[in-house]
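For reference, the structure is listed below as structure tokens.
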Amino acid sequence: MIGDLGFNTLVVLFGATALGIASGVVGTFMLLRRRALVSDALSHATLPGIAGAFLLGAWFGVEGRSLPLLLAGAAASGVLGVLAIQAITRWTRLPEDAAIGAVLSCFFGLGIVLLSVVQGLPTGGAAGIKTFIFGQTAAMRAAEAAGLGVLALLAALVVALLFKELKLVAFDEGFARVQGWPAGRIDLALMALVTLVTVVGLQTVGLILIIALLITPPAAARFWTDSLESMVGIAALIGGLSGGIGAWLSAKYEDMPAGAVIVLTATALFTLSLLFAPKRGLLAQTWRYRRLRGAIARGDVTLGEGTPWGA
Amino acid sequence: MGGMTGFLSIDLPAILAATFACLSCALVGNFLVLRRQSLMGDAVSHAVLPGIVAGFLVAGTRDTFPMLAGALVAALVAGVLIELVRRLGKVEAGAAMGVVFTGMFALGVVLIEQGAARAVDLDADCVLYGQLEAVLWFGPTDLSSLADPAVWSTLPRQVVQVAVVFFLCLALIVLFFKELRLVSFDPALADTLGIPAGLVQHGIVALTAIAAIAAFEAVGSILVIAMLICPPATARLLTDDLKAQVALSLLVGGITGVGGYVLGAFGPLALGFETSLNAAGMIATLSGLFLALAILLAPRYGVLAKRRRARAAALDLAAEGV
Amino acid sequence: MLQRLRSLDFIPPKEAGVSPLLVKGLTVAYHRRPVLWDVSWTAPQQGLVAVVGPNGAGKSTFLKAVLGLVPPLAGTVEVFGRPLARQRRLVGYVPQRESVDWDFPVSALDVVAMGRYRMIGWGRRVSKAHRQAALHALDRVGMADFANRQIGQLSGGQQQRVFLARALAQEARLYFMDEPLAGVDAATERAVLDVLRDLDSQGRTVVCVHHDLQTVADVFDHVLMLNVKVVASGPTREVLTDANLRATYGHRASDAPLLP
């Protein structure tokens, strides 16, 4: 099955799996910090950076599209977008959701304008940039895919190192500050990791759908456990499976765009978790509720301290 | 086509479509921004994609009606799914939206790529930034022909569509302004007064979906999101009166629509370049610029005004001899 | 990095007479309304201190400003003779009601272990010894049986005891608690009083915002009477007089004139 695939495809598969693992791990903290949609703005805000970097490259005569340059541009404008959201929520009366939506759409709009400038260039190259919008694994070279995969695993490693600190700030920022932890800088580190994962995922999944990998696997993982450690592990598993299966399906069948298939795989795994997870899944909840109702009707239940129903 | 005829057939209908799209989105957006539901616009405008494609696949044509119907159904499904995931799955609202709309958008992308849609020019790009350049009006030949009612009856479908939706939104909002204001301010109070807050809130979301879908084809989803949020947010920084806010947001939306198109289409020519810039993107960018200006310079809620006041207060306290 | 930080934590011997907490000229205003005005106070070497005053007198703000959670307009805070920023590890805080996400995937034990994170230091795992200490702290508030419960599945009083245990696990020298006895169930009240007595007997200083004048004398040996300004402070028996009470509660802080 997998043996039929060429070396290049295998490396792309590895890259997508690594991306899924990293985004599951990093996304868990974004989800718990209730910042899930900030990463949506971040990823949309990368477009003007990509197009701007391309134009800058063309200006200085860089041949064709240089991936590191484009990704550096993406990271720069993505970070700028996140800073803009923070500034707006901090300094104005506008709520965070309005700030997120405004930054997301205006940065993306600017990106489209710059893209139309690129289109007007005699050198062309707009098509190469457009692959970042929806993702395109077919065009990836093995070296690129491998490098990006390693970067993604690096992000997961940093989370493992800072696990305790990220957990503390995500759970109770005020307490962290009283204890003297630099909560602001720990948050910044998390945003840097999210930026890294986003930029790494641009080529594989595309900037519109990359947030699905940051949100969906962690949200699915939450159904299976009440412990953060296992939640991170399960999110990594679901993310990795989505990346791997999606990239494989896309390589096997024509007309299956990798980014969308990866996201659909994650959505399917989320749906399964929502329905069938033993602890918080819908079926388990319904079943427990029924059993409790039956027990109350038979008079088998008495109230005692510390026995919330369903536990 | 060049000169006046070119302007009347290419630029005028595009300006009309863009401006009406901006106006209806800005109008509805006021209540999204107040209710902290701005991202509903983001979610809806992504989630309608599979509906549009399905409508197209079922009907086999690019007629408006099947695609609009598909989009409406998809928006409805998205709304229900988001509620289900949030309530039953106890998933935080933002994340619930993220899970649902990315899944639906991905489904739409796969449907598009699955061949059937490729026969005609329905691609994912134009979902994002629309096809303003495809809005053409063959009726008018020169300025004087605009006086002829028959010419107006040939107004392109996209323009008619957004104009009708704008007037629909305007009528509904004028009619139910009192209820909308109360529900935006205090849904619980509205309930006790016998105004069904839930119904009004669902109405706002439904109106958002209609405005978004109507504007979608001409200007794309990104401009829809920008217009739902930026003009109302700009107006919110300039006034405390809801009526004034709605009026200001319409003004800002209108100026942005016309100004953005003109900048995009004629800006480069004026600078001596032989290209034009993407108009939808330009309008979104301009709306962001207006918002940034309001953030900095608004007389009462602007950053600079606040700074000045804080400094004055600190000086006063210091003068007290602390 | 933490090793260096830890060596900075400095507790002078009692004989040196350095107070656990020295507040000088602390002034806080929200917009233009003064909430705390030129508050200077020296905490006693050890014991339980009640901060009392009418609603809006700035009691909670006093704790928050001392802890650096609210930016003061003026004033300094010293903990054991050094600026707070260098002595954070010596300070524990139990807020009135934790505003955390109760659905967060952590157990009661996880939460209590967070009290020891500063001791453990950057990037290191929570060792068995630290887990044991956290479990011990849970036991002291009578919550050892619930160690592995997800915090959202505990009752309100139980949750409050978990956060009390977290402060205990910190092994701080100086504690701040915001109304630890307000609106709690009987079991929690017992646990809080036990903990306060324990801390007192270990020679720690505990500063509590307290609203119930009836019970002040039963529990606390010192009071700080606050109404925007310091009205009086000292041993409970000497300070809790009719005259002082009238001076503290006589006029409402909200009637204070606006600053120009």
Scan region A:96-110 residue by residue and report those that are more than 7 Å from chain B (Cβ to nearest Cβ) and touching a Ser or Thr at 6+ places or on another chain (Cβ under 9 Å). A:Glu96, A:Ala99, A:Phe107
Would you point out the residue of region A:265-289, among those that are within 23 Å of C:Arg149 (Cα to Cα) and exposed (fewer than 15 other Cβ atoms within 10 Å of the Cβ), that is modelled with the lowest pLDDT? A:Lys279
Within region A:195-224, how many residues turn out to be surrounded by fewer than 24 Cβ atoms within 10 Å (Cβ to Cβ) and over 17 Å from A:Leu166 (Cβ atoms)? 1
A careful count of residues in region A:250-278 that are in contact (Cβ under 8 Å) with a residue 40 or more places away in the chain and not in a helix (DSSP H, G or I) gives 3
Evaluate region B:164-181: report whether one residue or more is assigned to a loop (DSSP other than H, G, I, E, B), under 26 Å from B:Ala247 (Cβ atoms) and either touching a residue at least 24 places away in the same chain (Cβ under 8 Å) or under 18 Å from the mean Cα position of the chain (by Cα) (or both). yes
State yes or no: is A:Gly239 in contact with a Leu (Cβ under 9 Å, 6 or more places away or on another chain), part of a helix (DSSP H, G or I), of a type outside the set (A, V, I, L, M) and within 14 Å of chain B (Cβ to nearest Cβ)? yes
Can you spot a residue in region A:248-256 that is within 12 Å of another protein chain (Cβ to nearest Cβ), at pLDDT 95 or above and touching a helix residue (DSSP H, G or I) at 6+ places or on another chain (Cβ under 9 Å)? no
C:Asp212 - would you say it is over 28 Å from C:Val239 (Cβ atoms), of a type outside the set (A, V, I, L, M) and surrounded by fewer than 21 Cβ atoms within 10 Å (Cβ to Cβ)? no
Complete set of residues in region B:40-90 that are in a helix (DSSP H, G or I), within 12 Å of another protein chain (Cβ to nearest Cβ) and over 21 Å from the mean Cα position of the chain (by Cα): B:Leu81, B:Leu84, B:Val85, B:Arg86, B:Arg87
Being without any contact (Cβ under 8 Å) to a residue 40 or more places away in the chain, more than 7 Å from chain A (Cβ to nearest Cβ) and not polar (S, T, N, Q) is the filter here; which residues of region B:268-292 pass it? B:Pro268, B:Leu269, B:Ala270, B:Leu271, B:Gly272, B:Phe273, B:Glu274, B:Leu286, B:Leu289, B:Ala292
Hey, A:Thr123 assigned to a helix (DSSP H, G or I), away from chain C (no Cβ under 14 Å) and hydroxyl-bearing (Ser, Thr, Tyr) or not: no
Let me spell it out: the conditions are (1) out of contact with any Asp or Glu (no Cβ under 6 Å at 6 or more places or on another chain); (2) buried (at least 24 other Cβ atoms within 10 Å of the Cβ), and B:Ser38 meets all of them except one. Which number is the exception? (1)
Tally up the residues in region B:216-253 that are over 15 Å from B:Ala284 (Cβ atoms) and more than 9 Å from every other protein chain (Cβ to nearest Cβ), please. 16
Scanning region A:131-185 residue by residue, those of a type in the set (Phe, Trp, Tyr) and touching a Phe, Trp or Tyr at 6+ places or on another chain (Cβ under 7 Å) turn out to be A:Phe171
Whether any residue in region B:106-124 is modelled with pLDDT under 90, buried (at least 20 other Cβ atoms within 10 Å of the Cβ), under 19 Å from the mean Cα position of the chain (by Cα) and within 30 Å of A:Ser250 (Cα to Cα) is what I want to check. yes
What is the one condition in (1) touching a helix residue (DSSP H, G or I) at 6+ places or on another chain (Cβ under 9 Å); (2) at positive phi; (3) not polar (S, T, N, Q) that B:Gly194 does not satisfy? (1)
Restricted to region B:254-267 and to residues being in contact (Cβ under 8 Å) with a residue 40 or more places away in the chain and of a type in the set (Gly, Ala, Ser), the residue farthest from the other protein chains (Cβ to nearest Cβ) is B:Gly254
When you scan region A:128-145, do you find a residue that is at the interface with another protein chain (Cβ under 10 Å from one of its Cβ atoms), surrounded by fewer than 24 Cβ atoms within 10 Å (Cβ to Cβ) and in contact with a Lys or Arg (Cβ under 6 Å, 6 or more places away or on another chain), even just one? no
Checking A:Ile245 against (1) closer than 27 Å to B:Ile82 by Cα; (2) more than 14 Å from the chain's Cα centre (by Cα); (3) crowded, with 20+ Cβ neighbours inside 10 Å; (4) within 13 Å of chain B (Cβ to nearest Cβ), which single condition isn't satisfied? (4)
Among the numbered criteria (1) in contact (Cβ under 8 Å) with a residue 12 or more places away in the chain; (2) assigned to a helix (DSSP H, G or I); (3) surrounded by fewer than 23 Cβ atoms within 10 Å (Cβ to Cβ), which one does A:Ala87 miss? (1)
Would region A:215-228 turn up any residue that is more than 14 Å from chain B (Cβ to nearest Cβ) and either part of a helix (DSSP H, G or I) or under 25 Å from B:Val91 (Cβ atoms) (or both)? yes
Mind counting the residues in region C:37-47 that are closer than 22 Å to C:Tyr249 by Cα and either in contact with a Gly (Cβ under 9 Å, 6 or more places away or on another chain) or surrounded by 23 or more Cβ atoms within 10 Å (Cβ to Cβ) (or both)? 4
Would you point out the residue of region B:134-163, among those that are out of contact with any helix residue (DSSP H, G or I) (no Cβ under 7 Å at 6 or more places or on another chain) and assigned to a helix (DSSP H, G or I), that is nearest to B:Gly254 (Cα to Cα)? B:Val160
Is there a residue being more than 14 Å from chain A (Cβ to nearest Cβ), crowded, with 19+ Cβ neighbours inside 10 Å and of a type in the set (A, V, I, L, M) anywhere in region B:190-199? yes
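The values are calculated or read from the model by the stated rules, or taken from the named source; none is laboratory data. In this text the structure is predicted, and so the values were computed from the model without any measurement. Every residue, glycine as well, gets a Cβ built from its backbone with ideal geometry; the counts of neighbours run over all protein chains shown.
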